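Novice: Below are the structure tokens for one structure; questions will follow.
The values are calculated or read from the model by the stated rules, or taken from the named source; none is laboratory data. Computed from a predicted structure; not experimentally measured. We place every Cβ from the backbone using ideal geometry, glycine too, and count neighbours over all the protein chains shown.
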């Protein structure tokens, strides 16, 4: 058993049932996320910075005005 698995097992052994149920829910969500990976690749942060560097407007102002319209 790897050290990480051993640490996880030790933590689980010290949890009450309610905490273990929460951990189990997190594991189920992670499993669903892995199965439903996005069909389009996620852009890198560098790419996002390049795209936003050319923007002349204020994104926060645009967001605030959109929220005001709702």
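Novice: Of the numbered conditions (1) in a helix (DSSP H, G or I); (2) farther than 30 Å from residue 10 by Cβ, residue 27 satisfies every one except a single condition; which is it?
Specialist: Failing condition for residue 27: (2).
Novice: Taking the stated definitions as given, is residue 15 modelled with pLDDT of 90 or more, surrounded by 10 or more Cβ atoms within 10 Å (Cβ to Cβ), outside any helix (DSSP H, G or I) and at negative phi?
Specialist: Considered against the rule, which asks whether it is modelled with pLDDT of 90 or more, surrounded by 10 or more Cβ atoms within 10 Å (Cβ to Cβ), outside any helix (DSSP H, G or I) and at negative phi, residue 15 comes out as yes.
Novice: Can you name every residue in the stretch 34-47 that is surrounded by fewer than 10 Cβ atoms within 10 Å (Cβ to Cβ) and part of a helix (DSSP H, G or I)?
Specialist: Answer for the stretch 34-47, where residues must be surrounded by fewer than 10 Cβ atoms within 10 Å (Cβ to Cβ) and part of a helix (DSSP H, G or I): 34, 35, 45, 46.
Novice: Something else now. Condition (residue is in contact with a helix residue (DSSP H, G or I) (Cβ under 8 Å, 6 or more places away or on another chain) and surrounded by 10 or more Cβ atoms within 10 Å (Cβ to Cβ)) applied to the stretch 51-68: is it met by at least one residue?
Specialist: No: the stretch 51-68 contains no residue that is in contact with a helix residue (DSSP H, G or I) (Cβ under 8 Å, 6 or more places away or on another chain) and surrounded by 10 or more Cβ atoms within 10 Å (Cβ to Cβ).
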